[in-house]
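See structure below.
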Amino acid sequence: MSRPADAPTKSNLLKLQKQLAFALEGFELLEQKRQILTLELVRRLERAREAERRVAEALEYAHAALREATLDSGSEALDRAALGGGVDHAVSISDERLMGLRLPKVRLEILGERIPLGFAGTSPSADVAQQRFVAALPLFVELAELQTAIQRLSRELRKTQRRCNALTKIFIPECRQAIHHITGALEERERESFVDRKLRAQG
């Protein structure tokens with residue numbers, strides 16, 4: 001942009017005034033974006049904390065069942081059963097748009113019927129453990145979705161904040177300083193011209 005050392009002309013003044021108006025409008029839009037991103041980030045952080053709590057509870061519940069199954073059948077029998085049984089699932093990812101930012105939407109689908117582990121020579125407690133781990137899968141998907149969104153929102157918020165700072169602390173003050181300098185120089189020139197005309201008229 002123009003600096004105070006630039007030629008104090010009306011064309012430079014008009015150019016700087018347009019730049020300032022554009023910068024102020026841009027800052028207002030960026031500030032609105034910053035506020036929206038901040039609110040969305042806070043909202044998802046709260047949801048993530050709740051999701052983390054539910055994941056921890058579900059895992060504790062599932063591990064308790066796994067410990068019981070290990071006592072009933074032994075770890076080797078559980079390992080063999082796990083190789084032969086399980087739950088097929090599919091994960092699909094789409095995008096949600098927010099202020100030009102792409103946030104993930106993750107969907108989990110359980111495919112087919114769950115194969116009971118009891119058929120592989122384990123106790124019913126092994127099936128209970130399997131059921132509880134399967135029940136925890138959607139919670140993991142939700143948490144992963146939230147954590148990824150939080151990372152992207154945080155990056156975009158930092159970028160937006162840097163742009164706001166650049167406008168308010170560098171560009172806009174320099175632009176206003178340049179406008180003040182040129183306006184003062186033009187007014188001084190006009191006064192000198194007026195005095196010169198007066199002297200000539202008197203002479």
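Can you tell me which residue within segment 74-104, out of those that are in a helix (DSSP H, G or I) and among the small types (Gly, Ala, Ser), is modelled with the highest pLDDT?
Residues of segment 74-104 that are in a helix (DSSP H, G or I), as a first pass: 75-84.
When the remaining residues are screened for being among the small types (Gly, Ala, Ser), the result is 75, 77, 81-82, 84.
Details: 75: 77, 77: 72, 81: 68, 82: 68, 84: 62.
Step by step, filter segment 74-104, then rank; the result is 75.
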Qualifying positions in segment 110-149 - part of a loop (DSSP other than H, G, I, E, B) and either modelled with pLDDT of 85 or more or of a type outside the set (D, E, K, R) (or both): 112, 115, 116, 121, 122, 123
Residues of segment 52-66 satisfying the condition of being open to solvent by 70 Å² or more (accessible area, probe 1.4 Å) and either over 25 Å from the mean Cα position of the chain (by Cα) or without any contact (Cβ under 8 Å) to a residue 24 or more places away in the chain (or both): 53, 57, 60, 61, 63
Residue count, segment 169-203 (criterion: loosely packed, with under 13 Cβ neighbours inside 10 Å and over 16 Å from residue 24 (Cβ atoms)): 18
Matching residues in segment 135-160 - criterion: being over 8 Å from the mean Cα position of the chain (by Cα) and either more than 12 Å from residue 48 (Cβ to Cβ) or open to solvent by 70 Å² or more (accessible area, probe 1.4 Å) (or both): 135, 136, 137, 138, 140, 141, 147, 158, 159, 160
Residue count for segment 21-51, restricted to those that are open to solvent by 40 Å² or more (accessible area, probe 1.4 Å) and either of a type outside the set (Gly, Ala, Ser) or modelled with pLDDT under 95 (or both): 20
Residue check, residue 71 closer than 18 Å to residue 152 by Cα, open to solvent by 70 Å² or more (accessible area, probe 1.4 Å) and part of a helix (DSSP H, G or I): no
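The values are calculated or read from the model by the stated rules, or taken from the named source; none is laboratory data. Since we're looking at a predicted model, the values are computed, not measured. Note that each Cβ is placed from the backbone with ideal geometry, even for glycine, and that neighbours are counted across all protein chains shown. Only protein heavy atoms, including side chains, enter the accessible area calculation; ligands, DNA and RNA are left aside. Shrake-Rupley method; radii C 1.70, N 1.55, O 1.52, S 1.80 Å.
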